[in-house]
Amino acid sequence: MHTRLTSVKAEMASSEHNPKPESGIRVFVRKRRLRKPQVITENIVKVEPQIITENIVKVEPQDQKFGSLPDIEEFAYKKPSISLPLRKSKPISNNNDKTEFKPPSDWVKILEGIREMRSLEDAPVDSMGCEKAGNSLPPKERRFAVLVSSLLSSQTKDNVTHGAIQRLLDNNLLNPETIDTADESAIQKLIYPVGFYTRKASNMKKIAKISLLNYHGDIPNTLEGLLSLPGIGPKMAHLVMNVAWNNVQGICVDTHVHRICNRLGWVPKTKTPEETREALQMWLPKEEWVPINPLLVGFGQTICTPLRPSCGLCSVNGLCPSAFQEATPKKKSRLKTELSES
Ligand code: SF4
C-alpha cells in the first residue's frame, strides 16, 4: 500500500514538471477562457438580437487567438441601423388664434342697451374719471396729470381720487418739477385718503424723478415705458396710452369691466382683469376698446353693482345669463371688497 502511494505521488510530481497536452488542468483553463465571450453574447441577445449578430462575429472563439482575450472595443454597443418610430406630439391649441373665439351672441344688442341706460351720464366716472384729470392744462402737463391720477386711482373710488388730484393741482403739485422738490409727507397729506397713500406718495416722487431725467419732464409714450414706472400696472398703462397719447394698444380693464364681462358671459370665466382683457380683445372690435371702459365702469357704479346688481332696472336682463342670480356667500365677500374699491 505504501509503495502504491509513493508511486502515485511520484507520478503527480513528474506531470507538474512535464505537463502533457491531455492534462485535465490545461483543458479546464482553456475552456474558461473560451466561455467568456459566450456569456456576454447571451446577455446581449436579450436586448438587441439584430445587433448581436454583428458583434458575435468578432468574438467567435475560432477567431480568437488561442489564449488571448478579446479587445474591449469589440463589445462596444453599436447603434442599430434601423430607425425607431418617433413619438407623436400632442397638438397644442393656440390661444392667440382669433378664429377660435366667436363673439358672444347678442353682444351688439347688449351694448346698445347699456349705452341707452348710460345716456344720462350720471355715474361718478363721467365727471371724475382719470381721463378727466388736468382737462384744462396744456398737453404735456395734462399727460402727467393723467398718469398721476391713474396711479392714485388703484383701490380707490373715483370721487376720492378726484379730490386728491384737485388738492395737488391747487397746491401746484401736479407737475414733475414741484413733486421732485416737495416734501414726501406734504404729498401724503394732500392725497389722503386714497388707498395706500404713503406708498403712492413715494411712487409719485420716483416717477417725477424718472420723468425729469429720462423724458424731459414728460411721460413715456410706450406701453413698456409706462409699465416700467413704479406703481403702474397694465390697466393704468393702457388707460394712459389711450388718454394721454391717443394710442390704443389694449382695453383698460378694471374690476367693473372684469366683473360685468363675466356676468354677461362675454369672457370664459376669467379670474383676473388681465385675463379678461386678453379674452375681450379676442373678439371686441377695436373701435370699442376705448369707450368700453367708461361705459362699463359707469354701468357698474350705477346698475350692475358688485354686491346687489339692480337686475330689475336693467334693460338687458332678458339677454344676461346672470340676471337675478343670487351671489354665493364666497362671491359676496369678494364683491364686498370690490365695492369698497369702486
Ligand atoms: S341683468 Fe343684472 S347682472 Fe345682468 S347685466 Fe343687468 S344688472 Fe348686471
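The values are calculated or read from the model by the stated rules, or taken from the named source; none is laboratory data. What you see is a predicted model, and the numbers here were worked out from it, not measured in a lab. Here the Cβ positions follow ideal geometry from the backbone for every residue, glycine too, while neighbour counts run over all protein chains shown. Ligands, DNA and RNA are stripped out before the accessible areas are found, and what is left, the full protein with its side chains, is counted by its heavy atoms. Shrake-Rupley method; radii C 1.70, N 1.55, O 1.52, S 1.80 Å.
General remarks:
- Within the stretch 316-336, the set of residues being within 16 Å of the ligand (Cβ to nearest atom), among the polar types (S, T, N, Q) and either loosely packed, with under 12 Cβ neighbours inside 10 Å or modelled with pLDDT under 95 (or both) comprises 325, 328.
- Any hit, the stretch 146-160, residues being assigned to a helix (DSSP H, G or I), without any contact (Cβ under 8 Å) to a residue 12 or more places away in the chain and more than 30 Å from residue 312 (Cβ to Cβ): no
- Residue match in the stretch 111-132 (condition: modelled with pLDDT under 90, part of a loop (DSSP other than H, G, I, E, B) and either closer than 30 Å to residue 198 by Cβ or open to solvent by less than 40 Å² (accessible area, probe 1.4 Å) (or both)): yes
- Lone qualifier among 189, 205 - being surrounded by fewer than 17 Cβ atoms within 10 Å (Cβ to Cβ), over 25 Å from the mean Cα position of the chain (by Cα) and assigned to a helix (DSSP H, G or I): 189
- Among the candidates 313, 307, 339, 296, residue that is within 13 Å of the ligand (Cβ to nearest atom), on the phi < 0 side of the Ramachandran plot and at pLDDT below 95: 307
- Meets criteria (under 23 Å from residue 126 (Cα atoms), buried (at least 19 other Cβ atoms within 10 Å of the Cβ) and acidic (Asp, Glu)) for residue 170: no
- Residue list for the stretch 227-267, restricted to those being in contact (Cβ under 8 Å) with a residue 40 or more places away in the chain and hydroxyl-bearing (Ser, Thr, Tyr): 255
- Positions within the stretch 215-248 being within 20 Å of residue 180 (Cβ to Cβ) and either open to solvent by 30 Å² or more (accessible area, probe 1.4 Å) or in a loop (DSSP other than H, G, I, E, B) (or both), in sequence order: 215, 216, 217, 218, 219, 220, 228, 229, 230, 231, 232
- Qualifying residue in the stretch 259-268 (condition: more than 16 Å from the ligand (Cβ to nearest atom) and surrounded by fewer than 22 Cβ atoms within 10 Å (Cβ to Cβ)): yes
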